[in-house]
Amino acid sequence: MTTISFGTDGWRARIADDYTFTNVRRCAQGFAQFLKAEGRSGQGVVIGYDQRFLADEFAAAAAEVMAANNIHVWLTQNNTPTPAISYAVVDKQAGGAVNITASHNPPADCGFKVRDPLGGAIPPADLKRIEAFIPDAAHVQQLALEDALSDGLVTLFDAGPAYEEQLNRLIDIAPLKKAGLNILVDCMWGNNIGWFPKLLEGGSSKVYEVHNVRNPAFPHMIRPEPIPPNVDDGLSFVKKLNADLAIINDGDADRVGLGDENGDFIDQLRVFGLLGYYFLEIRGERGPIVKTISTTKMLNKLAAIYDVPVYETGVGFKYIAPKMVEVNALIGGEESGGYAFRGHVPERDGILAGLYILDMVVQTGKKPTELLDLLFEKVGPHYYDRIDSRFDQERKQEILANVSAARPRTIGGLRCTDIVTIDGHQFIMEDGGWLLVRFSGTEPIIRVYCETTHEDRVQAILDDGMKIAGLR
């Protein structure tokens with residue numbers, strides 16, 4: 001029997017290897033037991049899915065289990081952006097959600113994510129409880145979808161209209177329509193296909209989509225993750241279409257990437273900095289910022305300027321979402337390009353983030369490169385990069401011991417001033433920058449990240465990180 005563990009965001013595995021219909025049903029039974037234990041089974045559950053291979057059938061399998069447990073299911077009638085699934089939980093006042101998606105993982109993977117009644121990620125302690133409830137296959141209940149539909153235990157629905165209404169409450173889209181922008185949207189073959197054209201139709205702005213049909217092989221990219229090299233093909237269209245900027249969403253549309261007017265990628269830490277600047281300076285709002293330790297210190301500097309608190313968490317929205325709710329955060333986010341916003345569900349929303357970026361362009365009249373100049377005038381230039389490295393899994397404990405024992409005096413030629421162990425090992429440097437070494441919670445890889453104010457030291461810092469791990 002496969003042992004199922006929820007990592008940074010849900011359970012993910014290779015389709016037809018560990019990710020099977022049997023194991024999906026086991027996960028669904030575990031979540032059903034959790035909802036019963038929490039007294040929320042009577043509220044029902046939302047189930048949605050992405051564009052991956054067999055995702056709709058895996059979602060149907062999960063719905064059959066929930067129905068057999070006498071839990072009403074709102075099952076999306078087509079593939080649906082993750083933020084729309086999360087918002088549907090609030091709209092339906094459901095007890096939670098199941099989302100069949102592997103987000104930005106490689107094409108051969110699929111995933112099983114769960115959400116709480118606020119549409120946000122479930123805290124780590126409760127994820128452990130769900131894991132403990134997951135039974136063997138013999139103890140899974142199941143009711144055929146056709147029977148569940150006829151009995152009224154499963155209701156097919158479209159999560160789009162309620163989500164679109166929510167977007168229009170959060171941002172005035174009319175000026176974006178009238179702005180006369182040429183907007184390139186890279187859909188990454190995923191769940192945001194058609195969303196920006198629909199939201200922005202009826203004005204002088206034009207939306208050009210690329211990679212905008214379903215293709216579970218995700219061609220022209222290694223995976224549907226909005227970072228290089230996956231974005232390179234999409235960004236090549238910026239000049240061809242004379243676009244003012246590029247909005248890039250990952251496979252399930254909960255993350256956003258950004259390309260400037262020259263077709264150059266703006267890294268996700270800078271995007272988080274820009275969004276912080278947008279809310280604090282342009283919109284004039286105030287409130288706490290929640291960020292993982294793996295993302296930019298530019299937010300700490302902005303927070304000091306605008307006198308708002310910053311809370312740093314471990315990596316993943318299972319840490320960010322509860323903290324956002326606790327402190328009523330203005331914005332929360334992580335290094336992977338996922339950002340959440342006050343007044344909305346405490347969940348990454350790549351579509352709303354893209355609209356906010358467009359609003360920043362419209363309100364300031366600035367190009368993306370000029371917006372970065374504004375940000376750097378406030379906090380100074382910052383430079384980031386990351387290495388994702390596969391390794392022999394038998395070496396995991398050795399690598400962990402190497403990193404835990406490391407007490408470097410310098411990293412990349414900069415003095416090391418502190419070590420933070422909230423999640424992985426983060427080495428703070430004299431310029432306020434950092435090096436982070438941690439194992440991924442979603443894939444069998446180790447990540448080495450850094451941010452510094454010294455552009456010429458980025459690679460040296462990453463090299464030292466790999467040496468600390470014993471991988472160079």
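The values are calculated or read from the model by the stated rules, or taken from the named source; none is laboratory data. Keep in mind that what you see is a predicted model, and the values were worked out from it rather than measured. Here the Cβ positions follow ideal geometry from the backbone for every residue, glycine too, while neighbour counts run over all protein chains shown. Areas reflect the complete protein model, heavy atoms only, side chains present, ligands, DNA and RNA absent. Shrake-Rupley method; radii C 1.70, N 1.55, O 1.52, S 1.80 Å.
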Residue list for the stretch 196-211, restricted to those being assigned to a helix (DSSP H, G or I) and either within 22 Å of Asp232 (Cα to Cα) or not aliphatic (A, V, I, L, M) (or both) = Phe196, Pro197, Lys198
Residue under evaluation Ala304, criteria (1) outside any loop (DSSP other than H, G, I, E, B); (2) free of Cβ contacts under 8 Å to residues at least 60 places away in the same chain; (3) touching a strand residue (DSSP E or B) at 6+ places or on another chain (Cβ under 6 Å), criterion not met = (3)
Counted residues, the stretch 156-195 - those being in a strand (DSSP E or B) and more than 21 Å from Asp232 (Cα to Cα) | 2
Going through the stretch 377-390 one residue at a time, which ones are part of a helix (DSSP H, G or I) and open to solvent by 40 Å² or more (accessible area, probe 1.4 Å)?
-> Glu377, Lys378
Within the stretch 48-74, how many residues are part of a helix (DSSP H, G or I) and open to solvent by less than 10 Å² (accessible area, probe 1.4 Å)?
-> 9
Residues in the stretch 118-137: is at least one assigned to a loop (DSSP other than H, G, I, E, B), surrounded by 24 or more Cβ atoms within 10 Å (Cβ to Cβ) and not aliphatic (A, V, I, L, M)?
-> yes
Hey, can you tell me all the residues within the stretch 290-312 that are open to solvent by 40 Å² or more (accessible area, probe 1.4 Å) and among the hydroxyl-bearing types (Ser, Thr, Tyr)?
-> Tyr311
Among Gln43, Gln29, Gln33, the single one that is touching a residue at least 12 places away in the same chain (Cβ under 8 Å) and touching a Pro at 6+ places or on another chain (Cβ under 6 Å) is Gln29
Just one listed residue, out of Val361, Val345, Val315, Val325, is open to solvent by 10 Å² or more (accessible area, probe 1.4 Å) and either free of Cβ contacts under 8 Å to residues at least 40 places away in the same chain or in a loop (DSSP other than H, G, I, E, B) (or both), and it is Val315
May I ask you to verify whether Asp91 is open to solvent by 50 Å² or more (accessible area, probe 1.4 Å), charged (D, E, K, R), within 28 Å of Phe196 (Cβ to Cβ) and out of contact with any Gly (no Cβ under 7 Å at 6 or more places or on another chain)?
-> yes
Residues being among the aliphatic types (A, V, I, L, M) and buried (at least 20 other Cβ atoms within 10 Å of the Cβ) - total across the stretch 430-472 | 9
